[in-house]
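Single-structure report; data block below.
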């Protein structure tokens with residue numbers, strides 16, 4: 001990974017952490033079922049469309065062009081997971097309008113799935129296409 005990629009990742013992580021910590025207690029942003037839902041939809045989509053090669057993407061064993069296809073699937077799955085989670089939370093919210101104490105938590109679930117999917121996109125899927133494949137790395141090493 002290039003230094004600029006790592007710097008970009010660090011800036012994204014620092015800004016997100018700064019905003020979360022300064023706004024409220026960090027535990028407000030932790031909702032395990034929402035995390036499992038988002039990650040489950042992404043992993044399930046990758047496995048469904050690309051088999052185990054979809055998960056091999058994360059250890060760098062796939063070719064550059066194939067990796068780009070897998071990343072596109074991951075990006076689509078990430079945003080789909082966020083949208084599905086949002087609407088599931090919205091249904092929970094609307095079904096509990098008569099009890100005001102349940103409206104806030106339902107809205108939080110709705111929004112947290114969107115936040116998780118966006119963070120996964122920014123930190124995982126955005127930089128992946130920029131990673132060189134093994135052949136490109138070997139050529140660059142020979143040129144040096």
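Values in this text are rule-based calculations from the coordinates and carry no lab data. Because the structure is predicted, anything quoted here is derived from the model rather than measured. As a convention, Cβ positions derive from the backbone with ideal geometry for all residues, glycine included, and neighbour counts pool all protein chains shown.
By other beta-carbon atoms within 10 Å, ranking 124, 30 with the fewest at the front produces 30, 124. With the Kirkwood sum run over all distinct C-alpha pairs, the range 31-132 has a hydrodynamic radius of 14.3 Å.
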